[in-house]
Amino acid sequence: RRLEKQIETIEALNDRLDHFRVLKGVEVDIRADGSLDLPDDILKKLDVRVCSVHFSHHLSKRKQTERIVKAMENPFFNILGHPTGRLINRRKPYAVDLEKVMAAAKGNGCFLELNAQPDRLDLNDEACRLARDMGVKIAVSSDAHDTGGLSYLRLGIDQARRGWLEPADVINTLDCQDLLQMMTRK
């Protein structure tokens with residue numbers, strides 16, 4: 001209900017704004033079975049959906065990969081958040097076949113996040129380069145939980161450059177209309 005109220009508030013604000021648009025987005029948990037933790041009737045009202053693994057990191061590589069690939073089949077899945085789940089010096093990446101995940105992302109019109117939060121920097125530079133080579137676009141995210149966290153974007157840009165990404169490889173470089181078009185799955 002809170003999310004629905006927030007959606008209504010943003011839509012009312014956008015009706016009043018000229019030459020500026022506030023996007024409606026949310027981070028959604030990917031359940032262990034590959035389903036998303038919000039219903040499609042809510043997800044379809046949003047402009048951007050970041051879908052992430054936040055629990056059940058212990059799954060086998062095959063199961064974790066299947067979980068993420070299944071989630072990407074949901075037509076309201078846009079961006080895979082922190083694709084390996086790593087927390088630098090605190091938690092190793094969960095077992096996942098990134099190449100299969102990237103192939104599924106490309107096939108389903110999804111993108112991968114490069115999470116610039118200093119404890120994550122997830123994707124690493126090698127994974128960024130693999131995504132580029134496979135034709136999978138990246139979203140550089142600050143993972144900011146307050147305005148101070150927005151400065152982390154610089155770290156994400158540096159990580160993207162280490163992975164040989166160029167502006168054409170990063171969806172953040174798109175204007176609003178083109179970004180919204182990419183978020184609408186065909």
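The values are calculated or read from the model by the stated rules, or taken from the named source; none is laboratory data. Just so it is clear, the structure is predicted and the values come from calculations on it, not from any experiment. A quick note on method: Cβ atoms are made from the backbone with ideal geometry, for glycine too, and the neighbour counts reach across all protein chains shown. In case anyone asks, the SASA skips ligands and DNA or RNA and just uses the protein heavy atoms, side chains included. Shrake-Rupley method; radii C 1.70, N 1.55, O 1.52, S 1.80 Å.
Once the other residues with Cβ under 14 Å from the Cβ of residue 49 are scored (Lys, Arg +1; Asp, Glu -1), what is the net sum?
Numbers: positive: 24, 44, 45, 185; negative: 27, 29, 37, 40, 41, 47, 73, 113.
After counting each charged neighbour, the total is -4.
Mind giving me the FRET efficiency for residue 13 and residue 154? R0 is 25 Å, r the Cβ-Cβ distance, nearest 0.05 is fine. It would help to have the intermediate numbers written out before the result.
Numbers: r = 29 Å, r/R0 = 1.15.
Efficiency, rounded to the nearest 0.05: 0.30.
Nearest 20 debye, what's the magnitude of the dipole of the chain about its Cα centre given +1 on Lys and Arg Cβ and -1 on Asp and Glu Cβ? It would help to have the intermediate numbers written out before the result.
Details: 30 positive and 29 negative charges, 114 e Å.
With Lys and Arg at +1 and Asp and Glu at -1, about 540 debye.
Go through 140, 85, 23 and say which Cα lies farthest out towards the positive end of the charge dipole of the stretch 1-159; charges sit on Cβ, +1 for Lys and Arg, -1 for Asp and Glu.
Most positive-ward Cα: 85.
Helix 2-16 versus the longest principal axis of the chain: what angle, 0 to 90°, nearest 10, using Cα atoms?
Its long axis makes an angle of about 50 degrees.
Determine, at each q value in 0.09 (inverse angstroms), the log₁₀ of I(q)/I(0) that the Debye formula gives when each Cα of the chain is one equal point scatterer.
-0.31
Run the quick spin-label model on residue 106 and residue 177: label points 7 Å from Cα toward the beta carbon, then report their separation in nm to one decimal.
Here the answer is 2.9 nm between the modelled labels.
Take the Cα atoms of the stretch 6-86, find their three principal axes, and give me the spread along each one in whole Å, biggest first.
Reported extents, whole Å, longest axis first: 49, 25, 17.
Among 171, 151, 116, whose Cα projects farthest towards the positive end of the dipole of the stretch 61-179, with charges put on the beta-carbon of Lys, Arg (+1) and Asp, Glu (-1)?
My answer, from the dipole projection, is 116.
Specify the angular offset, from 0 to 90 degrees and rounded to the nearest 10, of the alpha carbon long axis of helix 98-108 from the longest principal axis of the alpha carbons in the chain.
30
Just report the Cα centroid separation between the stretch 1-59 and the stretch 143-177, whole Å.
20
Measure nothing fancy, just the Cα-based angle from helix 61-72's long axis to the longest principal axis of the chain, in degrees from 0 to 90, nearest 10.
Compared with the principal axis, the helix lies near 20 degrees.
Assigning unit charges at the beta carbon (Lys, Arg +1; Asp, Glu -1) and nothing else, what dipole magnitude in debye, to the nearest 20, does the stretch 78-175 show about its Cα centre?
Numbers: 13 positive and 14 negative charges, 53 e Å.
Around 260 debye, computed over the stretch 78-175.
How much of the accessible area of the chain, probe 1.4 Å, is carbon plus sulfur, in whole percent?
Details: 5320 of 10430 Å².
So the carbon and sulfur contribution to the accessible surface is 51 percent.
What is the local net charge at residue 62, summed over the other residues whose Cβ is closer than 13 Å to its Cβ (Lys, Arg +1; Asp, Glu -1)? Don't skip to the answer; put the middle values down first.
Values: positive: 61, 63, 67, 70, 100; negative: 66, 97.
Net of charged neighbours comes to +3.
Applying a 10 Å radius around every beta-carbon, put 108-117, 58-67 in order of their mean neighbour count, most first. Numbers along the way, then the final one.
Working: 108-117: 23.2, 58-67: 16.0.
The peptides rank, most packed first, as 108-117, 58-67.
Less than 9 Å Cβ to Cβ from residue 93, Lys/Arg counted +1 and Asp/Glu -1: what total charge do the surrounding residues give?
Values: positive: 86, 91, 92; negative: 122.
Local net charge: +2.
With springs only between Cα atoms under 10 Å apart, run a GNM on the chain and tell me which of 19, 54, 145 wobbles the most.
Fluctuation is largest for 19.
With the other protein chains left in place, how much accessible area per residue, in square angstrom, belongs to the chain at a 1.4 angstrom probe? Please list the in-between numbers first.
On the way: 10430 Å² over 186 residues.
For the chain, the per-residue accessible area is 56 Å².
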